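Visitor: Dumping the structure here so I can ask a few things about it.
The values are calculated or read from the model by the stated rules, or taken from the named source; none is laboratory data. All of these numbers come straight from a predicted model, not from anything done at the bench. Every residue, glycine among them, receives a Cβ derived from its backbone with ideal geometry; neighbour counts consider all protein chains shown.
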Amino acid sequence: MSVVVPHWNSGRMLLDQLEALAPQVLAEHGEIIVVDDHSDDGTPHAVAAWADRRPEVPLTLLCADHRFGVNTSRNVGVAYARSAVVAFADGDDVVEEGWLCALLRRVEPGVIVSGRVLADGASAPESPGEFFGFGWTFAFGGSMALERDLVLAVDGFDENIHRGGTEVEFCLRAQLFASARVVVAPDAVVLYHVREQERMPRLRRRVQRQRGHAYIARKFRSHPQVTAGVLGFRHPLARIPRQFVRDLRRNPSAALGNVLLDLLLACWVVRFRISMPVERLGGSSGRHTIVVRSGPGEMRP
């Protein structure tokens, strides 16, 4: 099996992730594919040095010549994967012991397996739920596994979304057009690290997230089985109370500020959904990657 690890400027966190993944991947006779989205913090060199110290771990490092977004990184990783089963783990998180085995036990045709996430400061892991709580389940993009053929059957991840529903859109499409279903592996836990950011980057991230949600709403608006039951698609305000409760658990000091940001953004998103044409909602026009280093070892699916 193949573990795809997309990342950008993850620094030391990525090396911690590789250390956590290494014994699990070796136990499953798998490989690690690190996809670097044009980092400028020296991470690719650190990964190459790590691979030199751990030659027993089959590792491939792919580098983009400029930034494309996490979904492009996921698609590139899938394209280079040599196994029938692909798992995804983010470079700035750390998987707990037994994560990979717990996911693989539940992988079968037509199934997207999601792990759980333990965020900084949280008392218990969080399971993926329904998108906005209105009927369509999703998997955590940094903790999931599925057959590679399922990814290819729905043409991979939508590269128009850079933040805000990157994996949600994929799960919706897989359920709609490939009759896939999402199951949870409760023992597959990932430690989710919230990066320290200044206020303006935080605002930018939330704008991008709302923009991604707007793109999803617009993309699926012709599918009544989605839009008829998903209140959150039509009314951004519907998700704010649930997000506020989540923020209170994760970071109480930031919860009120986040809600105020969301209230301001909700008004903007309503206009954005109505007037912004799909082709302006982002997207990469192509991609260029190079293999920096491939680890040794014979692969077995």
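Visitor: Tell me the residue from LEU172, LEU118, LEU100, LEU146 that is under 18 Å from LEU21 (Cα atoms) and in a helix (DSSP H, G or I), please. Before the answer, list the steps.
Guide: Numbers: LEU172 fails: under 18 Å from LEU21 (Cα atoms); LEU118 fails: in a helix (DSSP H, G or I); LEU146 fails: in a helix (DSSP H, G or I).
Step by step, each of LEU172, LEU118, LEU100, LEU146 is checked, and only LEU100 is under 18 Å from LEU21 (Cα atoms) and in a helix (DSSP H, G or I).
Visitor: Let me ask something else about it. For a quick check of your reading of the model, give me the residue pairs whose first member lies in the range 23-41 and is touching a residue at least 24 places away in the same chain (Cβ under 8 Å), whose second is among the acidic types (Asp, Glu), with beta-carbon atoms closer than 8 Å and at least 6 apart or on different chains.
Guide: Listed pairs, sorted by first residue: GLN24/GLU97; VAL25/GLU31; LEU26/GLU56; HIS38/ASP65.
Visitor: Checking the condition modelled with pLDDT of 70 or more and within 26 Å of SER83 (Cα to Cα), which residue from GLY141, GLY212, GLY121 passes?
Guide: Numbers: GLY212 fails: within 26 Å of SER83 (Cα to Cα); GLY121 fails: within 26 Å of SER83 (Cα to Cα).
Only one candidate passes the filter, namely GLY141.
Visitor: Just name the residue that is surrounded by the most Cβ atoms within 10 Å (Cβ to Cβ) out of those in the range 55-69 that are within 18 Å of SER2 (Cβ to Cβ) and in contact with a Lys or Arg (Cβ under 8 Å, 6 or more places away or on another chain).
Guide: Step one: list which residues in the range 55-69 are within 18 Å of SER2 (Cβ to Cβ), which gives 56-63.
Now drop any that are not in contact with a Lys or Arg (Cβ under 8 Å, 6 or more places away or on another chain), which leaves 59-61.
On the way: LEU59: 26, THR60: 21, LEU61: 24.
Ranking the qualifying residues of the range 55-69, first place goes to LEU59.
Visitor: Pick out the one residue from ASP93, ASP52, ASP120, ASP40 that is acidic (Asp, Glu), surrounded by 16 or more Cβ atoms within 10 Å (Cβ to Cβ) and in the same structural domain as HIS7 (by TED's automatic domain parsing).
Guide: On the way: ASP52 fails: surrounded by 16 or more Cβ atoms within 10 Å (Cβ to Cβ); ASP120 fails: surrounded by 16 or more Cβ atoms within 10 Å (Cβ to Cβ); ASP40 fails: surrounded by 16 or more Cβ atoms within 10 Å (Cβ to Cβ).
Result: ASP93 is the single residue among ASP93, ASP52, ASP120, ASP40 that is acidic (Asp, Glu), surrounded by 16 or more Cβ atoms within 10 Å (Cβ to Cβ) and in the same structural domain as HIS7 (by TED's automatic domain parsing).
Visitor: Just give me the residues in the range 84-119 being within 17 Å of LEU14 (Cα to Cα) and of a type in the set (S, T, N, Q), in sequence order.
Guide: Selection gives nothing.
Visitor: Among the candidates ALA178, ALA238, ALA228, which residue alone is more than 18 Å from the chain's Cα centre (by Cα), at pLDDT 80 or above and surrounded by fewer than 17 Cβ atoms within 10 Å (Cβ to Cβ)? It would help to see each step written out before you state the result.
Guide: Working: ALA238 fails: at pLDDT 80 or above; ALA228 fails: at pLDDT 80 or above.
Being more than 18 Å from the chain's Cα centre (by Cα), at pLDDT 80 or above and surrounded by fewer than 17 Cβ atoms within 10 Å (Cβ to Cβ) holds for just one of ALA178, ALA238, ALA228, which is ALA178.
Visitor: Going through VAL111, VAL47, VAL86 one at a time, which residue ends up being at pLDDT 95 or above and surrounded by 21 or more Cβ atoms within 10 Å (Cβ to Cβ)? Don't jump to the end; show me each part of the working.
Guide: Values: VAL111 fails: surrounded by 21 or more Cβ atoms within 10 Å (Cβ to Cβ); VAL47 fails: at pLDDT 95 or above.
Testing whether each residue is at pLDDT 95 or above and surrounded by 21 or more Cβ atoms within 10 Å (Cβ to Cβ) leaves just VAL86.
Visitor: Kindly indicate whether any position in the range 72-79 is farther than 18 Å from ASP37 by Cβ, surrounded by fewer than 22 Cβ atoms within 10 Å (Cβ to Cβ) and modelled with pLDDT of 90 or more. Even if it seems obvious, please write down each step before you answer.
Guide: Here is the first cut: in the range 72-79, the ones farther than 18 Å from ASP37 by Cβ are none.
There is no residue in the range 72-79 that is farther than 18 Å from ASP37 by Cβ, surrounded by fewer than 22 Cβ atoms within 10 Å (Cβ to Cβ) and modelled with pLDDT of 90 or more.
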